[in-house]
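Each remark here refers to the structure printed beneath this line.
The values are calculated or read from the model by the stated rules, or taken from the named source; none is laboratory data. Because the structure is predicted, anything quoted here is derived from the model rather than measured. Ideal geometry is used to build each Cβ from the backbone, glycine not excepted, and the neighbour counts take in all protein chains shown.
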Amino acid sequence: YTLQLRIGDGSQGVFQALRRSDGAAFAVKTIAHGRGREEARALTMASAIAGVIKLEEEIFEMVVGEMDDEVCHLVLELCSCSLTDMIKLKTRLGEKEAATVVYNVAVALDQVHDRGMIHCDIKPGNVLYEIKLGDFGSCWPWSSDGIGTPGFMAPESVIAGSYSTASDVFGLGMVLYTCLSGMTPFYNLSYRRMMEVFARSDDKIQRELKWDCIPPLAADLIRCMIARSPEERFTLEQFFDHEWIL
């Protein structure tokens, strides 16, 4: 593979690359690692992700994982854009398109959870068109500290660093909110202020969001998905059964 332009600026560099044998375009994510334990962790993550991602079309496809002395290279399907790009282009999505997006992400999440994993960083930037779930770099059990993106992290993750399948559902609810409102949740709050809001009540959390552009039935689903308590939050099964999705 020949690396070309950089297309991702996350903690793990992402580049567009051409396969030398046929000129086909791919995305290559490079993960820096040390020796010994960190090297084993990177290899384990690469092989485990490959095992998941090759199975279902709703999940970002990984072609191959390779290791050299300094980094692990993940060669990935090259997608045209992210959900973040699409929302910026359209300002916000219509109900039908938003429902299609979150439904497909929920199907992918269900597959991830069935394999004993938690994504931990569900956000529009990790939803790739044509509607696939990507970026497993924060996926539990491989990563467990300081992971996620403010605005899409569940209250228990922000306050106590606790993650579960319910945390992913919270992130998905915020993705749906962003699709329909065109706004990043809690964009005007500092991280400290967000912790204070999350420590209080469902009403306090919901008052920090803008609901004017969101249809009532979709708003009901979002509220069920972003309940402050993970025990009171919708499961994916309840999400699939909600009237707005049906």
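Once region 112-131 is narrowed to residues that are assigned to a helix (DSSP H, G or I) and within 19 Å of LYS88 (Cβ to Cβ), the residue that is modelled with the lowest pLDDT is ASN126.
Note on region 169-187: among residues that are polar (S, T, N, Q) and in contact with a Ser or Thr (Cβ under 8 Å, 6 or more places away or on another chain), the one that is modelled with the highest pLDDT is THR178. LYS90 meets each of the listed conditions (1) modelled with pLDDT of 90 or more; (2) in contact with a strand residue (DSSP E or B) (Cβ under 8 Å, 6 or more places away or on another chain) apart from (2).
Quick test of your reading of the structure: LEU209 fulfils all but one of (1) buried (at least 18 other Cβ atoms within 10 Å of the Cβ); (2) touching a helix residue (DSSP H, G or I) at 6+ places or on another chain (Cβ under 7 Å). Name the failing condition by number. That leaves (1) as the condition not met.
For MET117, the test of being touching a Lys or Arg at 6+ places or on another chain (Cβ under 8 Å), buried (at least 19 other Cβ atoms within 10 Å of the Cβ), under 18 Å from PRO230 (Cβ atoms) and among the aliphatic types (A, V, I, L, M) is failed.
To keep it simple, each residue is scored yes or no on (1) more than 21 Å from TRP244 (Cβ to Cβ); (2) out of contact with any His (no Cβ under 9 Å at 6 or more places or on another chain).
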position: CYS79; (1), (2): yes, yes
position: LEU89; (1), (2): yes, yes
position: LEU93; (1), (2): no, yes
position: VAL102; (1), (2): no, yes
position: LEU109; (1), (2): no, no
position: ILE122; (1), (2): no, yes
position: THR178; (1), (2): no, yes
position: SER181; (1), (2): no, yes
position: PRO185; (1), (2): no, yes
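Go through region 214-234 and give me each residue that's under 18 Å from THR100 (Cα atoms) and in contact (Cβ under 8 Å) with a residue 40 or more places away in the chain. Across region 214-234, the qualifying residues are PRO215, ALA218, LEU221, ILE222, MET225. Under the condition of being out of contact with any strand residue (DSSP E or B) (no Cβ under 7 Å at 6 or more places or on another chain) and farther than 11 Å from LEU83 by Cβ, the residues counted in region 120-129 number 1. Residue pairs whose Cβ atoms lie under 6 Å apart, separated by 6 or more positions or on different chains, with the first residue in region 69-80 and under 15 Å from GLN4 (Cα atoms) and the second modelled with pLDDT of 70 or more and among the hydroxyl-bearing types (Ser, Thr, Tyr), are HIS73/THR30. Identify, from the list VAL169, VAL197, the residue that is in contact with a helix residue (DSSP H, G or I) (Cβ under 6 Å, 6 or more places away or on another chain), assigned by TED's automatic domain parsing to the domain that holds CYS224, among the β-branched types (Val, Ile, Thr) and free of Cβ contacts under 8 Å to residues at least 12 places away in the same chain. Selected residue: VAL197, the only one of VAL169, VAL197 that is in contact with a helix residue (DSSP H, G or I) (Cβ under 6 Å, 6 or more places away or on another chain), assigned by TED's automatic domain parsing to the domain that holds CYS224, among the β-branched types (Val, Ile, Thr) and free of Cβ contacts under 8 Å to residues at least 12 places away in the same chain.
Condition check ((1) among the aliphatic types (A, V, I, L, M); (2) in a loop (DSSP other than H, G, I, E, B); (3) surrounded by 22 or more Cβ atoms within 10 Å (Cβ to Cβ); (4) at pLDDT 90 or above) across all residues:
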position	(1), (2), (3), (4)
GLU97	no, no, no, yes
TYR103	no, no, no, yes
ASP110	no, no, no, yes
GLY151	no, yes, no, yes
VAL158	yes, no, no, yes
SER167	no, no, yes, yes
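Kindly indicate whether ARG20 is over 21 Å from LYS123 (Cβ atoms), part of a loop (DSSP other than H, G, I, E, B), modelled with pLDDT of 75 or more and basic (Lys, Arg). In short, yes. Checking the stated criteria, PHE234 turns out to be at negative phi, assigned to a loop (DSSP other than H, G, I, E, B) and out of contact with any Phe, Trp or Tyr (no Cβ under 8 Å at 6 or more places or on another chain).
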